[in-house]
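Remarks on the structure that follows.
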Amino acid sequence: MEEENNIENLEIRTWKKKLVLSWIITIPIIILMYSEMIFGIHLLTSSVMTLVVLVLAFPVIFIFGFSTLKSGLKGFTTLYFNMDSLISLGTVVAYLTGIIQFFYPIQNYSGISAMVMAIFVTGKYIESKARGRAGQEIKKLLELGAKNATVLRNGKEIEIPISEVKIGDVIIVKPGEKIPTDGIVVKGESSVDESMISGESLPVDKLKGSPVIGATINQDGILYIRATKIGRDTFLAHIIDLVEEAQGTKVPIQKLADKITSIFVPAVLVLSVLTFVGWIIFGNLNSAIGSAIAVLVISCPCALGLATPIALTVGSGMGAKRGILIRRGEAIQTMKDVKTIMFDKTGTITKGKPEVTDIKTYGKIDKKEFLKISASLEKLSEHPLSKAIVNYANLKVYQKVTSFKVLRGKGIEGIISKKKYLIGNRRLLEENGINLSKFIQDIEKYESEGKTVMTVSEGKKVLGFLCVADSVKEDSKEALQILQEKGYNTVMITGDNERTAKAIAKKVGITQVIASVLPEEKSKKVMELQESGFVAFVGDGINDAPALKQANVGIAMGSGTDIAIEAGDIVLTKSSLIGVTQAINLSKKTFGKIKQNLFWAFAYNVVAIPLAVSGILHPVFAEIAMALSSITVVTNANLLRRTKI
Amino acid sequence: MKKKILIEGMTCASCAMNVERSLKKIEGIDEVGVSVLTNKAIVESENEISDDELKKAVSRAGYKTISIE
């Protein structure tokens with residue numbers, strides 16, 4: 001990472017040095033040339049003056065311009081031409097006219113060649129600075145990680161560089177310090193500012209057992225943390241990789257610009273030759289040389305080639321700062337066509353932390369016994385609902401369960417002391433031939449309160465219900481309202497039963513609900529909705545991966561390290577639906593900027609090149625226009641930052 | 001397989017296109033993304049492609065490989 005930063009800083013410094021030196025020499029050339037041209041003052045006799053200009057221009061072209069010439073002229077051997085090829089040819093030919101005119105009467109462009117190179121170098125300097133600014137947020141991510149860590153080794157606190165921390169090390173983090181790497185709190189309590197990772201402004205409370213993320217800042221207490229992930233495996237490292245990789249991905253709209261960029265330089269070389277020949281036939285040699293040089297130096301593939309990636313860089317940087325990671329550039333273009341946004345319920349609209357709210361038993365079984373059986377069975381499942389029950393029961397000793405099975409989307413089954421138990425939704429019990437008609441009224445009552453009801457049965461006998469509810473996130477309603485006002489069709493999808501789902505949907509203002517969907521069916525439901533337009537799917541990325549993939553835009557969200565960062569086209573590291581509205585907004589604004597940039601880049605070349613061909617533009621003005629074109633595109637992209645997300 | 005190549009000498013958008021074009025010529029390569037902004041190329045392929053082969057492709061287009069990871 002440091003290597004990369006160094007390359008960029010070195011680049012800016014080198015351009016700056018060349019810029020200063022080039023102008024120190026070029027300004028006297030300008031004074032010499034124009035005092036004669038404009039004021040008619042002859043400072044030197046003409047042949048002496050030509051020699052002086054040639055001597056002065058030499059270092060500008062061949063020393064300060066050396067790397068450009070080397071990179072550009074290589075193109076003539078490898079046939080991989082680039083922007084430098086045009087500048088090299090243009091300036092070298094212009095310089096040579098100064099020598100040729102001693103033997104053959106042609107106009108001398110050698111002074112012009114120095115001016116063109118000096119302007120080129122200036123343009124490059126400004127552009128590299130602006131490019132650096134475009135990536136500033138991403139650079140900040142790179143610098144976010146801690147440099148050192150205080151670890152406990154052999155009972156002693158020692159400070160070591162972060163690279164020497166090993167998994168399992170206990171790290172001590174004092175108030176105000178950066179948490180060096182991902183880990184789990186083993187001792188201490190504190191609140192941690194995670195805004196740099198999630199964009200979430202409120203600090204998060206941490207106590208024993210809480211996961212912490214490297215690069216977040218410990219606020220008020222001392223935390224002892226056991227390192228669980230280091231180096232390239234940390235959450236921050238993953239985010240950086242993801243953001244960087246996104247830079248190289250393509251936005252479809254740039255295809256044409258890329259195609260043009262890839263044939264641009266050879267095409268301009270041919271055009272320049274044609275211009276030269278055309279002017280010789282229909283005009284004169286001097287104009288032919290001037291126009292051909294102007295064509296070479298005015299043409300710049302940079303504006304076209306940079307239009308999209310530079311806007312994408314600024315946009316994704318702005319996103320990263322707010323916990324919105326754009327993984328694939330394509331998503332920002334697709335986003336504008338999205339009509340329907342489908343939300344998974346659990347963990348997306350709701351907090352995803354269900355809690356037991358009611359317990360109802362039938363017959364002579366007492367609640368304690370009922371909970372003991374239920375929790376012993378649920379202990380073996382990883383489902384969030386199971387965890388809620390296990391936490392609620394808080395047993396010291398669990399009963400022994402045999403023949404345990406998870407029935408995905410339905411529930412669980414297992415045997416305790418030779419008795420077979422089922423815990424699950426209505427579908428599970430009905431499939432097992434258990435008649436629920438006597439209990440249906442009770443079930444429906446809880447369901448219409450937005451609770452998920454799990455029925456527990458022993459053999460064919462219903463023992464009772466466990467009701468679990470998952471509260472809605474604070475800003476879900478607001479976010480959904482914003483989206484609906486913008487004209488999006490919002491849909492909630494869940495494995496929960498219809499009544500529970502509708503009760504939750506009502507709370508947040510969603511009218512369309514697709515309930516009782518098995519996990520593997522979610523992507524099919526996305527496909528069905530896609531028949532009437534583009535669909536974005538918002539889910540946790542763990543259970544919803546296929547649906548996220550099937551959707552036109554997949555938005556994965558989660559909090560902290562729980563998140564499946566490899567899923568989805570856009571990843572939200574903060575667990576808030578407002579993030580979805582921001583992501584959509586950011587995508588649209590970024591895409592708008594890309595379109596603007598492409599328009600200017602195309603317009604520039606369409607207008608400028610014919611002007612150069614026609615001989616109207618002097619090579620110096622052509623070069624100024626060229627430099628401005630790429631600076632404009634980069635600066636315009638930087639302006640994206642002014643928009644509110 | 002996914003590899004990240006840090007490249008020196010890409011000065012403009014057409015340079016990035018050159019590197020991209022050259023890398024795409026490697027047999028078996030699926031996806032190539034080159035960014036002049038990060039000075040990086042990211043290549044993806046089904047089968048392993050040797051670092052040497054990648055380096056060769058970068059230098060064929062006239063640029064220098066600094067590191068591959």
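The values are calculated or read from the model by the stated rules, or taken from the named source; none is laboratory data. Quick caveat: nothing in here was measured; it's all calculated off a predicted structure. Neighbour counts run over all protein chains shown; Cβ positions are idealised from the backbone, glycine included. Surface accessibility is based on the protein's heavy atoms, side chains included, excluding ligands, DNA and RNA. Shrake-Rupley method; radii C 1.70, N 1.55, O 1.52, S 1.80 Å.
Quick notes on this structure:
- Meets criteria (under 16 Å from A:T573 (Cβ atoms), buried (at least 24 other Cβ atoms within 10 Å of the Cβ) and away from every other protein chain (no Cβ under 14 Å)) for A:I298: no
- Of the criteria (1) part of a helix (DSSP H, G or I); (2) open to solvent by 10 Å² or more (accessible area, probe 1.4 Å); (3) within 14 Å of chain B (Cβ to nearest Cβ), which one A:L274 fails: (3)
- Residue match in region A:115-128 (condition: open to solvent by less than 60 Å² (accessible area, probe 1.4 Å), of a type outside the set (S, T, N, Q), within 19 Å of A:S22 (Cβ to Cβ) and not in a helix (DSSP H, G or I)): no
- For region A:13-23, the tally of residues that are closer than 25 Å to A:K139 by Cα and surrounded by 17 or more Cβ atoms within 10 Å (Cβ to Cβ) stands at 1.
- Residue in region A:314-332 that is within 14 Å of chain B (Cβ to nearest Cβ), touching a residue at least 12 places away in the same chain (Cβ under 8 Å) and part of a strand (DSSP E or B) present: yes
- Breaking point among (1) touching a residue at least 12 places away in the same chain (Cβ under 8 Å); (2) within 20 Å of A:D241 (Cβ to Cβ), for B:A13: (2)
- Scanning region A:400-447 for residues that are assigned to a loop (DSSP other than H, G, I, E, B) and within 18 Å of A:G495 (Cβ to Cβ) gives A:R408, A:G409, A:K410, A:N425.
- A:K339 vs. criteria open to solvent by 10 Å² or more (accessible area, probe 1.4 Å), part of a loop (DSSP other than H, G, I, E, B), among the basic types (K, R) and at negative phi: no
- Count of residues meeting criterion [more than 10 Å from chain B (Cβ to nearest Cβ) and of a type in the set (G, A, S)] in region A:69-110: 5
- Residue within region A:63-73 that is in contact with a Phe, Trp or Tyr (Cβ under 9 Å, 6 or more places away or on another chain), farther than 13 Å from A:V116 by Cα and of a type in the set (D, E, K, R) present: no
- Residue in region A:23-33 that is within 14 Å of chain B (Cβ to nearest Cβ), assigned to a helix (DSSP H, G or I) and touching a helix residue (DSSP H, G or I) at 6+ places or on another chain (Cβ under 6 Å) present: no
- Selection count, region A:140-157, where residues are among the β-branched types (V, I, T) and more than 19 Å from A:G231 (Cβ to Cβ): 0
- Residues of region A:170-208 classified as closer than 22 Å to A:K139 by Cβ, in a strand (DSSP E or B) and touching a Leu at 6+ places or on another chain (Cβ under 7 Å), total: 0
- The residues of region B:14-58 that are of a type in the set (G, A, S) and under 21 Å from A:C302 (Cα atoms), listed by number, are B:S14, B:A16, B:S22, B:G33, B:S35, B:A41.
- All of (1) within 14 Å of another protein chain (Cβ to nearest Cβ); (2) open to solvent by 50 Å² or more (accessible area, probe 1.4 Å); (3) in contact (Cβ under 8 Å) with a residue 60 or more places away in the chain; (4) farther than 30 Å from A:V243 by Cβ hold for A:F66 with one exception: (3).
- Taking the conditions (1) modelled with pLDDT of 90 or more; (2) under 29 Å from A:K351 (Cβ atoms) in turn, A:N497 satisfies each one other than (1).
- Residue within region A:69-76 that is under 17 Å from A:V270 (Cα atoms) and open to solvent by 30 Å² or more (accessible area, probe 1.4 Å) present: yes
- Of all positions in region A:137-144, at least one carries a residue that is of a type in the set (K, R), part of a helix (DSSP H, G or I) and over 21 Å from A:G65 (Cα atoms).
- Looking across region A:277-295, the residues that are open to solvent by 10 Å² or more (accessible area, probe 1.4 Å) and either β-branched (V, I, T) or within 11 Å of another protein chain (Cβ to nearest Cβ) (or both) come down to A:V277, A:I280, A:I281, A:I289.
- Neighbours by Cβ (under 6 Å, 6+ apart or cross-chain): first from region B:54-69, more than 26 Å from A:R232 (Cβ to Cβ); second open to solvent by 60 Å² or more (accessible area, probe 1.4 Å): B:G62/A:K74
- Test: residue in region A:351-371 that is buried (at least 19 other Cβ atoms within 10 Å of the Cβ), over 42 Å from the mean Cα position of the chain (by Cα) and part of a helix (DSSP H, G or I): yes
- Residue match in region A:238-253 (condition: part of a helix (DSSP H, G or I), more than 14 Å from every other protein chain (Cβ to nearest Cβ) and modelled with pLDDT under 90): yes
- Filter result for A:I230 (in contact with a helix residue (DSSP H, G or I) (Cβ under 9 Å, 6 or more places away or on another chain), within 13 Å of chain B (Cβ to nearest Cβ) and either in contact (Cβ under 8 Å) with a residue 60 or more places away in the chain or surrounded by fewer than 17 Cβ atoms within 10 Å (Cβ to Cβ) (or both)): no
- Of the residues making up region A:34-63, those that are open to solvent by 70 Å² or more (accessible area, probe 1.4 Å) and either part of a loop (DSSP other than H, G, I, E, B) or at pLDDT below 85 (or both) number 8.
- Filter result for the condition that a residue is open to solvent by less than 50 Å² (accessible area, probe 1.4 Å), touching a Pro at 6+ places or on another chain (Cβ under 7 Å) and acidic (D, E), over A:D182, A:D193: A:D193
- When restricted to residues that are under 28 Å from A:S110 (Cα atoms), more than 14 Å from chain B (Cβ to nearest Cβ) and crowded, with 19+ Cβ neighbours inside 10 Å, region A:621-645 contains 4.
- The condition (being modelled with pLDDT of 90 or more and among the acidic types (D, E)) is satisfied by just one residue among A:E458, A:E449: A:E458.
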